[in-house]
Amino acid sequence: MFENLKPQPADKILALMQMYREDPRDNKIDLGVGVYKNAEGITPVMRAVKAAEKRILEEQETKAYTGLAGDPAYADAMIGLILGASVPRANIAAVATPGGTGACRQAFEMIRMANPSARVFVSNPTWPNHLSILNYLGIETVQYRYFDDETRGVDFDGMIEDLKTTKAGDVVLLHGCCHNPTGANLNMVQWQEVVNLINERGLVAMIDIAYQGFGDGLEEDAQGARLVASSVKECLIAASCSKNFGVYRERTGLLMAISNDAGQTALNQATLAFLNRQNYSFPPDHGARVVTTILNDDALRADWATELEEVRLSMLGLRQHLADELQRLAGSDRFGFVAQHRGMFSRLGAAPELVEKLRVDHGIYMIGDSRLNIAGLNATTVPILAKAIVEVGV
Ligand code: HCI
């Protein structure tokens, strides 16, 4: 049997991680995988996470199964964080999932179950795992224009034009904030226009939100998702706690299915629980319990929000520093977009040969599509990167 297996394409992001590890150079710079790193290059456990873990260690009395949907308190806390009071709780079905990837996977499975002929419209570009999982599930995907190679902002006219090729029942996948891999995001006027189009054409909205708090702030980053969730007939939201709680390896995500008809919620909830059961029975609990403990305790929540805000501001500072250095060295404003982008990533818009040159000649590792992880930089490496970018001729 095993001899029938065929090698599968590697994930480009994870393959680059491996390549970086194997590079013996001391001065190499890792701008690859989307993991936050502080100025010392460390991905720290957040203070509130440590405190919550200590509390759980002391107080937890059982590790018996939770429920197929995970602990309902986790869903309640996360719904509050993401949606605030924008949607009545009675309209929301939600399950814990293994990370944001797990939430995306379950969302795609639910789409396929409910409408096997639905196509999923994804931004060009989008997170590679979206396409990989959709293809694996045999779901048809269509790319809509998103990134403008000239301005390095959103090609909004192109996006709307392409979304006008949807048919009723198709799904539009949107990044809630901090678009991965480009860093270019919709403003609220544009979100409203997308909502209008979704409603006019009878589409289903899906939002992947994996970087809430990394862009303009915890509340600000949720505005697009809140507008969509409160204005459309049906919507799926896949959320990740990996980055904003720094609990990457705990696999902590949430999937919501929201309907403007509360009478639909029980069936949606049962379907999500069924999908969890088919794939892994119970979702992981530790990360979810840590997140719940933090969100439901005023002091822990305040400390978490403070630390997250420090992380966000440090990335904004690095963006501005890099944009300033590039302006100085290139003698032009053509890299101003670096300061305009939001979140962990920016797409430089460099040709693959130049990305390779940066890696081979300068030991600078970014994804082949020229996505760089801003958090991989520090005050020392910003000028080194800026010099290399200008030197290779981006
Ligand atoms: C990213 O770098 O885009 C996010 C981190 C990630 C990368 C590959 C698989 C899962 C998560």
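The values are calculated or read from the model by the stated rules, or taken from the named source; none is laboratory data. Just so you know, these numbers come straight off a predicted model, no measurement behind them. Note that we place each Cβ from the backbone using ideal geometry, even for glycine, and neighbour counts take in every protein chain shown.
What about Glu3, is it part of a helix (DSSP H, G or I) and away from the ligand (no atom under 16 Å from the Cβ)? Criteria met by Glu3. The set of residues from region 102-122 being touching a Leu at 6+ places or on another chain (Cβ under 7 Å) and within 16 Å of the ligand (Cβ to nearest atom) comprises Ala103, Gln106, Ala107, Phe108, Val122.
Arg347 satisfies every condition listed in (1) assigned by the TED database to the domain that holds Cys104; (2) crowded, with 16+ Cβ neighbours inside 10 Å; (3) under 25 Å from Glu220 (Cβ atoms) except (1). The residue list Gly70, Gly80 contains one member that is under 20 Å from Pro98 (Cα atoms), touching a strand residue (DSSP E or B) at 6+ places or on another chain (Cβ under 9 Å) and in the same structural domain as Leu272 (by the TED database), which is Gly70. Can you name the residue in region 228-250 that is assigned to a strand (DSSP E or B) and away from the ligand (no atom under 16 Å from the Cβ) and, of all such residues, is surrounded by the fewest Cβ atoms within 10 Å (Cβ to Cβ)? So the residue we want is Glu234. Consider Leu218 carefully, then state whether it is part of a loop (DSSP other than H, G, I, E, B), among the aliphatic types (A, V, I, L, M), under 29 Å from Arg312 (Cα atoms) and assigned by the TED database to the domain that holds Gly100. Yes. Of note, Val87 does not satisfy the criterion of being within 16 Å of the ligand (Cβ to nearest atom), of a type in the set (Val, Ile, Thr) and outside any helix (DSSP H, G or I).
Selection of first residues in region 267-283 that are in the same structural domain as Gly67 (by the TED database) and of second residues that are modelled with pLDDT of 95 or more and of a type in the set (Asp, Glu), restricted to Cβ pairs under 6 Å at least 6 apart or on distinct chains, gives the following pairs, ordered by first then second residue: Leu275/Glu109. The residues on offer are Ile198, Ile258, and the sole one that is surrounded by 24 or more Cβ atoms within 10 Å (Cβ to Cβ) and part of a strand (DSSP E or B) is Ile258. For region 155-173, name all the residues that are away from the ligand (no atom under 16 Å from the Cβ) and within 17 Å of the chain's Cα centre (by Cα). Matches in region 155-173: Val172 only.
Determine whether region 6-29 contains at least one residue that is on the phi > 0 side of the Ramachandran plot and either modelled with pLDDT under 95 or within 16 Å of the ligand (Cβ to nearest atom) (or both). The answer is no; no qualifying residue exists.
For the criterion of being within 24 Å of Thr101 (Cα to Cα), among the hydroxyl-bearing types (Ser, Thr, Tyr) and assigned to a loop (DSSP other than H, G, I, E, B), Tyr144 fails. Taken together, Asp285, Asp221, Asp297 contain a single residue that is farther than 26 Å from Ala118 by Cβ, out of contact with any Lys or Arg (no Cβ under 6 Å at 6 or more places or on another chain) and surrounded by 24 or more Cβ atoms within 10 Å (Cβ to Cβ), which is Asp221.
Number of residues in region 38-51 that are touching a residue at least 24 places away in the same chain (Cβ under 8 Å) and either part of a helix (DSSP H, G or I) or closer than 29 Å to Asp298 by Cβ (or both): the value is 9. Check whether at least one residue in region 62-84 is more than 16 Å from the ligand (Cβ to nearest atom), part of a helix (DSSP H, G or I) and of a type in the set (Lys, Arg), and report yes or no. Scanning region 62-84, I find no residue that is more than 16 Å from the ligand (Cβ to nearest atom), part of a helix (DSSP H, G or I) and of a type in the set (Lys, Arg), so the answer is no.
Within region 123-143, if we keep just the residues that are in contact with a helix residue (DSSP H, G or I) (Cβ under 9 Å, 6 or more places away or on another chain) and small (Gly, Ala, Ser), the residue that is nearest to the ligand (Cβ to nearest atom) turns out to be Ser123. Taking the criterion of being over 22 Å from Asp149 (Cα atoms) and more than 25 Å from the chain's Cα centre (by Cα), would at least one residue in region 298-320 satisfy it? Yes, some residue in region 298-320 is over 22 Å from Asp149 (Cα atoms) and more than 25 Å from the chain's Cα centre (by Cα). Reported count of residues in region 213-238, each being under 24 Å from Glu307 (Cβ atoms) and among the basic types (Lys, Arg), is 1.
Report whether or not Leu173 is part of a loop (DSSP other than H, G, I, E, B) and in contact with a helix residue (DSSP H, G or I) (Cβ under 9 Å, 6 or more places away or on another chain). So Leu173 fails the test.
Against the definition (within 23 Å of Asp23 (Cα to Cα), within 21 Å of the chain's Cα centre (by Cα), in contact (Cβ under 8 Å) with a residue 12 or more places away in the chain and surrounded by fewer than 16 Cβ atoms within 10 Å (Cβ to Cβ)), how does Gly368 come out, yes or no? So Gly368 passes the test.
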